[in-house]
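See structure below.
The values are calculated or read from the model by the stated rules, or taken from the named source; none is laboratory data. As the structure is a computational prediction, the values presented were derived from the model and not from experiment. Here Cβ is always computed from backbone atoms with ideal geometry, including for glycine, and neighbour counts include all displayed protein chains. For the accessible areas, the whole protein counts, side chains as well, though only heavy atoms, and no ligand, DNA or RNA atoms are used. Shrake-Rupley method; radii C 1.70, N 1.55, O 1.52, S 1.80 Å.
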Amino acid sequence: MNLFFYELKSHWKNVLVWGVVIAVFMVISMVKFQVLASDAAASQALLKALPPTMQAVFGMTGLNVATIDGYYGVCFIFLAVMLAIQAGMTGADIIAKEETLDTAEFLYVKPISRARILTAKLLAGLIIIAAVGIATYVATVLAIAAYNHGVVPQHTVVLFTGALACIQLLFYALGIFASAAIGLPKKAVSITAAVVFACYIAYVLWGMSSQFSWMHYISPFAFFAAKDMLAAGSLNQGWVWLCILVSISVVAVSYARYLRRDFKV
Amino acid sequence: MNVLRYELRAARVSAILWICTIVALVALFMSIYPAFANDATAVLNVFKNMPAAMRNITGADADMKLFSFLGFFANIFPFITLIGAIEAAVLGFGILSKESIAKTTDFLLTKPKTRRAIYWQKTGASVIMLLATQVVVVAAAILLSRWSNAGSYDMGQFMMLWGAFVLIQFFMFTLCVLLSQLVKKLRSPVPPALGLSFGLFLLALFALVIGENSVRWLTPFRFIDYKKIITDGTYDMGHIVYALVLIAAFTAVSYIIYTRKDVPAAV
């Protein structure tokens, strides 16, 4: 138990920094939105600056940036990438840090089974990414309320927050896998970051050309593309279940490997 | 010169990996171009038939130029500069602090070699790595463009785009060398390098989407406006000078700090 609280305590500054960054991001974007929504000329200028090809790169095609839903849909991909990196790095770091900081011997000779260690760390990490997710939700609602005359599209925000939660969960599980299962703790963070980056590039390529429509199946950012969610009004059940199942199976494999592998002390 | 030679040898494998990654990414994006060009002719016909007012509203005017190979390339170029920036950032954060990470500071600094020489040879080795990356990647890009039916395009403008890549790499490198001297303890060069590069990149992209131009002074990814290169064929000299001044300043300050700071003995 005290391992669980120890991990929470050692990460609170991280959560604070990320919370502030996301809050600042939401406020700046909403300030800009207020300009766009009230001034038609501004949104025309924006569309002129971003011709359809560039819009495809940003996943903006089909989204009306003058409405709060469409604008938030554009902000969404940036939030998703930021939260994915945070979740992935939390997952990778929380296990790998024992080996990279040379505290592995200290921890593993304690009379506590490896399974309990992994469970405590896993749960602590989940609380941390949930805290960042909740901070994102609160920052979004407050920022929208402040700059959109108090009108908050609750349904849309909840929908997108659900998508963010799935993305966070998936990348967190991948981070745990990278550090617990693969025997390269020093590279775990880089591997996770590389995966996030590859998924983002896959999402961009998918948006740009029908040649890459198969990338829809490998990039979590594509599972929860803003325009699909806005059009459907709900999360695609299939993708949500896929995220949950992949996360659970990846964590299960991590347990199996972690309990048996040799540590690099 | 042996520090220079040593660093070059040590970084050989990772430099080759980075070059392969960047070239692969360029190839991937260029592979879209043939299909894109086919779609483009269809869309261009639609645009031709639109009345002028409609064209203005949807921004199709600017788009016509952007359907060319250079226009397409300018659109996807930010992602290539991102990977270049990550390579430069990892090099920057690591080159001076790798001694303290690996606990070899005592060994190196007690050798009869001035800190001045060590600093210049280490950063010199990294600069050579970055230049090698840039040369190989640009050469590969030119070859790949022939292979993906780019047709004829203005080589000058193409080189100007890659000039942005060079600028961003050197900017990120010198910035990260400075930052590595300012932070207390670095466990690994990768997390801060990734965080900084990704953060500045997302800032640039987001500002591009919402049309916020003040950010052009904050993030290296927006020092050079790729659309302006395509439409006007020029850089914004003000931003280039600003970037070069900052690069010189970062180098000078990190040099001063490194040559004068107290280095704790490896425990």
Practice problem: Answer rounded, prolate or oblate for segment A:2-258, using the Cα gyration tensor with square roots of eigenvalues a ≥ b ≥ c: rounded when a/c is under 1.5, else prolate when a/b is larger than b/c, else oblate. | Solution: prolate
Quiz prompt | Buried solvent-accessible surface, both chains (A, B), 1.4 Å probe, Å² to nearest 100 | solution = 3400
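In Å², and per residue, what accessible area does chain A have when probed at 1.4 Å with the other protein chains present?
43
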Practice problem: Would you work out the charge dipole size for segment B:117-224 about its Cα centre, treating the Cβ of every Lys and Arg as +1 and the Cβ of every Asp and Glu as -1, and quote it to the nearest 20 debye? | Solution: 420
Quiz item: So which residues in segment A:166-201 end up with at least 20 square angstrom less accessible surface once the other protein chains are there, compared with the chain by itself, probe 1.4 angstrom?
Solution: A:VAL189, A:SER190, A:ALA193, A:PHE197, A:TYR200, A:ILE201
Quiz item: Which parts of segment B:155-195, residue by residue, lose 30 Å² or more of accessible area when the rest of the protein chains are there, as against the chain isolated (1.4 Å probe)?
Solution: B:ARG187, B:VAL190, B:PRO191, B:LEU194
Exercise. Treating the angle as unsigned and between 0 and 90°, give the value, to the nearest 10°, between the Cα long axis of helix A:68-100 and the longest Cα principal axis of chain A.
Key: 10
Self-check item: About the Cα centre, charge dipole magnitude for the protein assembly as shown (Lys/Arg +1, Asp/Glu -1 at Cβ), debye
Solution: 1660
Quiz item: Semi-axes, largest first, in whole Å: what does sqrt of 5 times each Cα gyration tensor eigenvalue give for segment B:186-253?
Solution: 24, 18, 9
Practice problem: Select from chain B the helices, each a whole stretch of DSSP H, whose alpha-carbon atoms run 20 Å or more along the helix axis and whose Kyte-Doolittle mean is at least 1.0; answer none if there are none. | Solution: B:2-48, B:69-101, B:155-182, B:190-210, B:237-260
Quiz item: So how do A:TYR72, A:TYR217 rank on accessible area, 1.4 Å probe, biggest first, that is with the largest at the start?
Solution: A:TYR217, A:TYR72
Practice problem: Once you have the Cα-Cα distance between B:ALA249 and B:ASN213, take 0.36 nm times their residue separation minus that, and quote the gain in nm to one decimal. | Solution: 10.6 nm
Exercise. Name the residue farthest towards the positive end of the dipole of chain A from the options A:VAL24, A:PRO153, A:VAL251, assuming +1 on Cβ of Lys and Arg, -1 on Cβ of Asp and Glu, about the Cα centre.
Key: A:VAL251
Quiz item: Could you name the aspartates and glutamates in cross-link range of A:LYS97, using Cα to Cα under 19 Å and dropping any fewer than eight places away on the same chain?
Solution: A:GLU7, A:GLU105, A:ASP262
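For chain B, what is the calculated [θ] at 222 nm in deg cm²/dmol (nearest 500), taking -39500 (n - 2.57) for each run of four or more DSSP H residues and dividing by its residue count?
Values: 10 runs with 211 residues, N = 267.
The helix-only estimate for chain B comes to -27500 deg cm²/dmol at 222 nm.
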Quiz item: Which shape class applies to the protein assembly as shown: rounded if a/c is under 1.5, otherwise prolate when a/b exceeds b/c and oblate if not, where a ≥ b ≥ c are the square roots of the Cα gyration tensor eigenvalues?
Solution: oblate
Quiz prompt | Reachable lysines from B:LYS228, criterion Cα separation under 21 angstrom, eight or more residues apart if same chain | solution = A:LYS48, B:LYS65
Quiz item: Roughly what angle does helix A:2-38 make with the longest principal axis of chain A, taking Cα atoms, 0 to 90 degrees, to the nearest 10?
Solution: 10
Quiz item: What ranking, highest mean first, results for peptides B:68-80, A:172-184 when packing means the other Cβ atoms within 10 Å averaged over each residue?
Solution: A:172-184, B:68-80
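Would chain B count as rounded, prolate or oblate if I go by the C-alpha gyration tensor, calling it rounded below 1.5 in a/c and otherwise prolate when a/b exceeds b/c, oblate otherwise?
prolate
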Quiz item: Over segment B:3-260, what percent of the accessible surface lies on carbon and sulfur atoms, probe 1.4 Å?
Solution: 69
Quiz prompt | Peptide ranges B:238-249, A:187-198 listed from the most packed, as the mean C-beta count within 10 angstrom indicates | solution = A:187-198, B:238-249
Quiz item: How much of the accessible area of segment A:2-258, in percent, comes from carbon and sulfur atoms when a 1.4 Å probe is used?
Solution: 71
Quiz item: What value, in deg cm²/dmol to 500, does the helix sum -39500 (n - 2.57) over DSSP H runs of n ≥ 4 give at 222 nm once divided by the residues of chain A?
Solution: -26500 deg cm²/dmol
